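See below for the structure under consideration.
The values are calculated or read from the model by the stated rules, or taken from the named source; none is laboratory data. Source: prediction; values computed, not measured. Neighbour counts are summed over all protein chains in view; Cβ atoms, including those assigned to glycine, are modelled from backbone coordinates with ideal geometry.
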Amino acid sequence: MNTEPKRILLIIGGGIAAYKSLELIRLCRKAGIAVTPILTRAGAEFVTPMSVSGLAGEEVYTDLFDLTDEAEMGHIQLSRIADLVVAAPATADLIAKMAAGLANDLASTALMATDKPVLIAPAMNVRMWQHPATQRNIATLKQDGVLFTGPDEGDMACGEYGPGRMSEPADILAAIMRFYGSHLPGVPHGPLTGRKVVITAGPTHEPIDPVRYIANRSSGKQGYALAEAAIALGAEVALVSGPVHLPVPPGVELIQVETAREMLAAVGGELPCDIAIFCAAVADWRTAADAKQKMKKDGSGKVPSLELTENPDILKTIGHLKKHRPPLVIGFAAETENVIVNAQKKLKAKAADLIVANDVSHESGVMGGSQNTVHLVGKDDVESWDKMSKQAVARKLMDRFAALYIERA
Ligand code: CTP
């Protein structure tokens, strides 16, 4: 990229997560990235301008109509001085302004006026995050090319639980470093440096009604281990994950989804990429009816029957893409019998380049367990590996995928 010292324009919005932005400034500066901070009026309710400018070692810009600032540096100029504009925390309000193109304070004006890429770290209450208006705005911003990190899922300051927590400062730094095509300190450049890997992982949950869902026993361990292994090879990794209880490997961009349809949309949003790995145990079916209310017993003892409909096949969809088909498409096959033959059929039907087949019969203990025995099924050959930990399988698989990718590139 450029040879000038790295610089970001950091917009600190008005959310409780603003305190984490202080740590982000510290981490950025430690990583050799200068930070020009803009603190919104609401942001200043959570952190003081003095602590922000103290940590950044620079003046903090606080208001559009501050004549002194305007005299020193106009907001247009301010919006252009950095390589990247980062909004963290990006509140529901700031996101809505960005999506609507409003420019009524310094932060929103800088975001409108900039000609530089924008990375945002959303932070808000879970209901606000899930609100259709926010989701609409997020989709608009993704279309506009805005980069995202988070939000994470977890306990919130407001006492609720769910997605909406701002990414940890180290993860925001990782996203910034990915933008610069560089890597976290301690992570070596590897064969996949500058390459993007998209991985699906975990189960999907298909709602029956607002309280019940169809699910499966996938723990997500294999997919998360692959994400970690891909990072270690230098890749930029987007992990599209169904509901699981696993820590996110550092440096990985996590996109949380629930249903197969959401997973397909999320994968589509990450294209183009270099390698796509479909490790998720996607539910093949969902209920045909979209019950908005909880299904109730009517007292007659009659048992309801569930009509099912087929979910989209994500691997098959991506494997058959004409435009933006990743150069390397890897599928998994979960089988309880005829493992190899069934995997060969899937390779063909889903237009994958390679299928990693495993025996998921109850006796194998693979589903939810920490070990795996895999067979690499290609067009003309099959290679069977010994039983190993899912981490070891992941490292070996990623080495193999990297070699295959380079061979074909
Ligand atoms: N897959 C997918 N979308 C689906 C179903 C499966 O992307 N709706 C992917 C899985 O992530 C895996 C591969 O397809 O990479 C095979 O999944 P598997 O569950 O083994 O096979 P299915 O296609 O579901 O077929 P069946 O359940 O009949 O074995």
Study note, to complete from the structure: Within the stretch 255-285, the count of residues that are surrounded by fewer than 23 Cβ atoms within 10 Å (Cβ to Cβ) and over 29 Å from Glu407 (Cβ atoms) comes to 10
Point to revise | In the stretch 113-124, the residues that are under 19 Å from the mean Cα position of the chain (by Cα) and either buried (at least 18 other Cβ atoms within 10 Å of the Cβ) or not assigned by TED's automatic domain parsing to the domain that holds Lys97 (or both) | key: Val118, Leu119, Ile120, Ala121, Pro122, Ala123, Met124
Check your understanding: Which one of these is aliphatic (A, V, I, L, M) and either more than 24 Å from Ser218 (Cα to Cα) or within 15 Å of the ligand (Cβ to nearest atom) (or both): Ala266, Ala230, Ala288?
Key -> Ala266
Review point. Does the stretch 359-367 contain at least one residue that is in a strand (DSSP E or B), surrounded by 15 or more Cβ atoms within 10 Å (Cβ to Cβ) and touching a helix residue (DSSP H, G or I) at 6+ places or on another chain (Cβ under 8 Å)?
Key: yes
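If you go through the stretch 18-39 one residue at a time, how many are among the small types (Gly, Ala, Ser), closer than 22 Å to Ala110 by Cβ and surrounded by fewer than 24 Cβ atoms within 10 Å (Cβ to Cβ)?
Matching residues across the stretch 18-39 total 1.
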Review point. For Thr204, which of the numbered conditions (1) farther than 16 Å from Asp313 by Cα; (2) surrounded by 24 or more Cβ atoms within 10 Å (Cβ to Cβ); (3) more than 14 Å from the chain's Cα centre (by Cα) fails to hold?
Key: (1)
Exercise for review: State yes or no: is Glu270 under 27 Å from Ala291 (Cβ atoms), acidic (Asp, Glu), in contact with a strand residue (DSSP E or B) (Cβ under 6 Å, 6 or more places away or on another chain) and in contact (Cβ under 8 Å) with a residue 24 or more places away in the chain?
Suggested key: no
Review point. What number goes with the only condition from (1) buried (at least 16 other Cβ atoms within 10 Å of the Cβ); (2) more than 16 Å from the ligand (Cβ to nearest atom) that Ala333 does not pass?
Key: (2)
Point to revise | Candidate set: the stretch 302-326, residues that are near the ligand (Cβ under 9 Å from one of its atoms) and within 22 Å of Ala215 (Cα to Cα); chosen: the one surrounded by the most Cβ atoms within 10 Å (Cβ to Cβ) | key: Leu315
**Study point:** Search result, residues across the stretch 1-49 that are hydrophobic (A, V, I, L, M, F, W, C) and part of a helix (DSSP H, G or I)
**Key:** Ala18, Leu22, Leu24, Ile25, Leu27, Cys28, Ala44
